[in-house]
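Structure first, commentary second.
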Amino acid sequence: SSAEKEYEAEIEFGICTTTLDRGGEVIERAGARDVAELTGAMIDAAVATFRGTYLQKPPAYSAKKIDGDRAYDLARKNAPVRLQPVQVTASRLDVIEWQGSRLRVRLICSAGYYVRSLADALGEWLGTGAHLAGLVRTRSGDFTMDQAIGLEMLDQRPAEAASRVLPLATLLPGLPAITLTAEGASVASRGGFVGPSHVQGAQSLPKSGRVRLLHPDGRLVAVAEPRAGGVAGLLHPTVVLE
């Protein structure tokens with residue numbers, strides 16, 4: 001969930017909604033500019049301002065917490081929703097198509113980025129108002145839509161769908177992997193501390209950060225991290241998977 005995400009989004013200008021997407025109620029308000037006045041150059045200039053790192057205000061209808069309450073619960077009660085801007089990064093933001101009142105963009109962004117807020121900010125920047133009309137997440141971390149299966153396959157060809165399930169060992173590719181001995185795998189699977197004698201070969205135990213602990217046959221046994229405030233050279237399984 002903390003990895004960067006990639007999206008294809010469709011933004012409609014000239015219409016604002018309470019939730020900043022098509023699921024909300026339309027807000028009747030006059031824009032400073034008519035949508036018909038927008039040009040490709042104006043769209044490109046607006047999009048360019050939201051590339052890189054900046055402070056983004058989360059939507060009122062979001063799961064952010066305010067003094068223990070979800071922001072969307074407060075918004076539904078018409079209570080004040082005061083959310084602080086959060087630093088986000090759009091490492092890539094490209095225009096795919098601009099036609100009529102609709103803009104399609106491709107976006108690669110940091111975790112915690114709200115595409116609805118981007119749509120709203122673009123509408124405000126251009127003076128027409130806007131909302132998020134459609135959104136498809138095409139990548140989350142190292143996993144892409146190409147690896148996904150459709151509901152039709154799941155419903156009508158369950159055996160084929162099962163064959164497409166990714167092994168646990170392929171998950172969390174960003175974490176270093178340490179292969180354990182059979183004894184080490186047994187210790188880790190019970191949540192015990194793993195030491196140098198439990199590791200195959202000359203692999204060294206990390207001093208910081210999380211690692212994947214693998215069974216000798218390659219299965220993912222646990223996610224572990226160095227023991228804090230205790231004996232050096234030990235890994236503590238924080239998530240045990242078998």
Dipole magnitude of the stretch 173-242, debye to nearest 20 (Cβ charges: Lys/Arg +1, Asp/Glu -1, about Cα centre)
180 debye
Against the empirical 2.2 N^0.38 Å scaling, what ratio does the C-alpha Rg of the stretch 129-204 come to?
1.73
In straight Cα distance, which lysines are under 17 Å from residue 65, not counting same-chain residues fewer than 8 positions off?
57, 77
Just grab the label-to-label distance for residue 238 and residue 186, each label 7 Å out from Cα along the Cβ direction, in nm (one decimal).
2.8 nm
Carbon plus sulfur fraction of accessible area for the chain, probe 1.4 Å, in percent
50 percent
Sorted peptide list for 37-44, 9-16, criterion being average Cβ within 10 angstrom, highest first:
9-16, 37-44
How much accessible area per residue does the stretch 1-112 have, in Å², with a 1.4 Å probe?
60 Å²
Could you sort the peptides 52-60, 179-187, 94-102 by per-residue average Cβ neighbour count (10 Å cutoff), highest mean leading?
179-187, 52-60, 94-102
Of the candidate values (1) -0.51, -0.86, -1.41, -1.52; (2) -0.62, -0.86, -1.11, -1.18; (3) -0.70, -0.94, -1.15, -1.21, the one computed for log10 I(q)/I(0) by the Debye sum over Cα atoms at q = 0.10, 0.13, 0.17, 0.18 Å⁻¹ from this structure is (3)
Please compute the length gained on full extension between residue 54 and residue 202, using 0.36 nm multiplied by the number of residues separating them and subtracting their Cα-Cα distance.
48.9 nm
Which helices count as membrane-span-like in the chain under these terms: full DSSP H, at least 15 Å along the axis by C-alpha, Kyte-Doolittle mean of -0.5 or more?
115-126
In the stretch 1-75, if the dipole is taken from +1 on Lys/Arg beta carbons and -1 on Asp/Glu beta carbons about the Cα centre, which of 24, 60, 36 is farthest to the positive end?
60
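The values are calculated or read from the model by the stated rules, or taken from the named source; none is laboratory data. None of the values given here were measured: they were computed from a predicted structure. Cβ: placed from backbone, ideal geometry, glycine included. Neighbour counts: every protein chain shown. These area figures cover heavy atoms from the full protein model, side chains too; ligands, DNA and RNA do not enter into them. Shrake-Rupley method; radii C 1.70, N 1.55, O 1.52, S 1.80 Å.
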